[in-house]
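The values are calculated or read from the model by the stated rules, or taken from the named source; none is laboratory data. This is a predicted model, so every value here is computed, not measured. Reconstructed Cβ throughout: ideal geometry from the backbone, glycine too, with neighbour counts over all protein chains shown.
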2 protein chains.
Amino acid sequence: MTRIGIKEIAAKADVSTATVSYVLNGTRNVKHKTRERVLRVIEELNYKPNDIAKSLKSRRTNTIGVIAEDVTVFNVPEIIDGINDFADRHDMHILLTNLRLHKRIGHNFDQLDDYRKYAENAVNELLSKQVEGIIYIGAHPRDLTGLIDTAGKPIIYTYCYTQNDPSIQYNDEQASFEAMSHLASQGHTRIAIISGIMNSLPSRLRFNGYYKAITEFQLPFDPQLIKLGDWEAESGYRLTQELLALDERPTAIVAMNDVMAVGVLRAASEAGVTIPHDLSVVGFDNREFSSYLIPQITTMDLPLHEMGFQAMDSLMCIIRGETPDPANHLPACKLIERDSVAPPARVM
Amino acid sequence: MTRIGIKEIAAKADVSTATVSYVLNGTRNVKHKTRERVLRVIEELNYKPNDIAKSLKSRRTNTIGVIAEDVTVFNVPEIIDGINDFADRHDMHILLTNLRLHKRIGHNFDQLDDYRKYAENAVNELLSKQVEGIIYIGAHPRDLTGLIDTAGKPIIYTYCYTQNDPSIQYNDEQASFEAMSHLASQGHTRIAIISGIMNSLPSRLRFNGYYKAITEFQLPFDPQLIKLGDWEAESGYRLTQELLALDERPTAIVAMNDVMAVGVLRAASEAGVTIPHDLSVVGFDNREFSSYLIPQITTMDLPLHEMGFQAMDSLMCIIRGETPDPANHLPACKLIERDSVAPPARVM
DNA sequence: CTGTTAGCGCCTTCAG
DNA sequence: CTGAAGGCGCTAACAG
């Protein structure tokens, strides 16, 4: 089966290859009769254009490279989905590179050198494939400055960032403030917070939101209510036990992710503390399982789809030589209200 | 910045373009001195080969197309990861198409016509990009015969299947049998099963495994223990209530997925039935949340990574003109033992 | 309105 | 061991 091309159909339709190209791309007016004839032959021969050849000539591939640090991490698929959403509408294609970071180097995200070579390879292969731009999806929010050199090709980061390139992140501080605001509006004043590891940006930003709310709503500030966790369920469990052992217990806990909220639930359950009657809980991330827990927890939904969509949008802007609107680079989170928040019980 | 190519480096190194090509690909012996010189110029000019041009000439793109019905569905990312695992080792690239089925047409998987056009477009675009083969990842196990025409390009399905093309699925019947076997080995005899919707292949296969175990272990067969669910938590909840209302309760329940197992847990909790003391539960899928539930549930892990890996392996076989080994097309599930199974309590 | 033709960047016989 | 030259499939001037 010899691949048939524009030449074959030109011969059979008794026109030149140029004419075929014109009807194919609508680049020029072609007499109706001729067009029909060409179209018919195309149909008959079941011709499929060769984008490779087309790209070589036109110097456009309509393809953008996506480097995902790990597609199996919860935030990544939804971001990819957002990228696809935009790409579909603009007839763009996605060349996906999966760094498989978790499986290759585990959680040692700090040793950037360990996977610099992976990233470099990925970029070079993408560049060789003539992608028109690159989107880098982190599995973890952090600074990647200096890690990647794209030789001038536009790149945009999301769920992570560098100091020189554009990046799309979500509004962490505001989200945290809103979680607090929701709790305050229910009448809570003693609100505890369990953080992720402190050398991570989200932890710091979410603390900012926490303090801002403390100030704005004039809540009592008690350092005992601030607990430093590590994103894992175990820390949520242990720190909640500490919180419940306080003379004056908090009436609500904000866990900086849903996984730690699982620990909160477990500790509460073991201590005979009923949620939400005795203790309100707000999580972060709106992980799928958050609605499978008992009770279903109130949590902050991350605008992952939008981040992917915006990353793609901004990247296309840059490719076209325009300047993307930075206002779109910090989409908001959204509180999902479920069953783990209630007004505080009367004082015992 | 005018893209520099083989020609520029040839000029600067004072050799012909052919020689550059030779050192680049190791196609021919080149005098050591000359090679060094060429290599140096390549370095200096930071030359990056153009795979597009290369592909046009060599008629090989080293790229395979992956069509995912929906990357946000739980099974898909891990399958993609398996594909990447293989692809990385063989220097292959992935052109990803995300059909976004759930967001576009919801759960109406039966109306194949609704998205036939999406699938057709995806295939045509991939074909135009000269992919060397296609992997189709279903979001739901079902028969897709007749949906897709790849014009002769090799295609392989996974997590779904057709009657004519090779596909990679997991061994559902055996998995179900093993879940039963595990329960039986703990001393359970009255084992209930909650199925997914019945017009799905997994439901039928898992029932086969159930019956096989009933026979093999000579367990009492009681139709009352067979409940028809719909994959959703609510059905697990409701059907467990029915099961618990029986005169003679089951001592164990197999839920055909972890989501329904959540319903089982909820119903048990409300009825004051303690898991695993009063009732053992085995789920299916090893969803991430299964280890966040209280108690953490014993469940069947699906060989998703392996399915992706095998799909890629088999596809490469076909591309090379070899015949893949069908023995690899039905990888086994693996029981993950956690805290929801115990020997049955003494008769009350 | 249509045909001719010169490349896009690279590989690969075929000569030397 | 190296160079010259044709061509992969398609587009876009430039002519008619």
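Looking at the range A:313-324, can you tell me whether even one residue there is out of contact with any His (no Cβ under 7 Å at 6 or more places or on another chain) and within 13 Å of chain B (Cβ to nearest Cβ)?
No: zero hits.
Residue under question is B:Glu8, and the condition is that it be away from DNA strand D (no atom under 16 Å from the Cβ) and more than 23 Å from the chain's Cα centre (by Cα); does it hold?
no
Before we move on, is A:Asn29 near DNA strand D (Cβ under 7 Å from one of its atoms) and over 30 Å from B:Ile83 (Cα atoms)?
Spelling it out, it is not the case that A:Asn29 is near DNA strand D (Cβ under 7 Å from one of its atoms) and over 30 Å from B:Ile83 (Cα atoms).
Here's a check for you: in the range B:204-221, which residue that is within 26 Å of the chain's Cα centre (by Cα) and surrounded by fewer than 16 Cβ atoms within 10 Å (Cβ to Cβ) is farthest from B:Gln174 (Cα to Cα)?
B:Arg204
Would you be able to tell me the number of residues in the range A:37-49 that are within 42 Å of the chain's Cα centre (by Cα) and within 11 Å of DNA strand C (Cβ to nearest atom)?
Residues meeting the conditions: 0.
B:Cys160 is checked against (1) surrounded by fewer than 22 Cβ atoms within 10 Å (Cβ to Cβ); (2) in contact with a helix residue (DSSP H, G or I) (Cβ under 8 Å, 6 or more places away or on another chain) and fails just one. What number does that condition carry?
Failing condition for B:Cys160: (2).
Keeping to the range B:53-84, report how many residues are within 16 Å of DNA strand C (Cβ to nearest atom), out of contact with any helix residue (DSSP H, G or I) (no Cβ under 7 Å at 6 or more places or on another chain), in a helix (DSSP H, G or I) and within 9 Å of chain A (Cβ to nearest Cβ).
Matching residues across the range B:53-84 total 1.
Inside the range B:147-191, can you point out the residues that are among the aliphatic types (A, V, I, L, M) and modelled with pLDDT of 95 or more?
B:Ile155, B:Ile156, B:Ile168, B:Ala175, B:Ala179, B:Met180, B:Leu183, B:Ala184, B:Ile191
Which of the residues belonging to the range B:274-296 are without any contact (Cβ under 8 Å) to a residue 60 or more places away in the chain and away from chain A (no Cβ under 14 Å)?
Hit for the range B:274-296 is B:Leu279, nothing else.
In the set B:Ala245, B:Ala255, which member is outside the structural domain of B:Asn75 (by the TED database) and surrounded by 23 or more Cβ atoms within 10 Å (Cβ to Cβ)?
B:Ala255
Out of B:Glu234, B:Glu248, which single residue is more than 11 Å from chain A (Cβ to nearest Cβ), in a loop (DSSP other than H, G, I, E, B) and not small (Gly, Ala, Ser)?
B:Glu248
Can you tell me which residue is nearest to DNA strand D (Cβ to nearest atom) among those in the range B:51-90 that are surrounded by 19 or more Cβ atoms within 10 Å (Cβ to Cβ) and polar (S, T, N, Q)?
B:Ser55
Which residues, counting only those in the range A:297-306, are within 14 Å of chain B (Cβ to nearest Cβ) and touching a Pro at 6+ places or on another chain (Cβ under 8 Å)?
Across the range A:297-306, the qualifying residue is only A:Glu306.
Of all residues in the range B:1-36, how many are more than 11 Å from DNA strand C (Cβ to nearest atom) and touching a residue at least 24 places away in the same chain (Cβ under 8 Å)?
Of the residues in that region, 2 qualify.
Could you grab me the full set of residues in the range A:85-96 that are more than 10 Å from chain B (Cβ to nearest Cβ) and either of a type in the set (D, E, K, R) or assigned to a loop (DSSP other than H, G, I, E, B) (or both)?
Of everything in the range A:85-96, those that are more than 10 Å from chain B (Cβ to nearest Cβ) and either of a type in the set (D, E, K, R) or assigned to a loop (DSSP other than H, G, I, E, B) (or both) turn out to be A:Arg89, A:His90, A:Met92.
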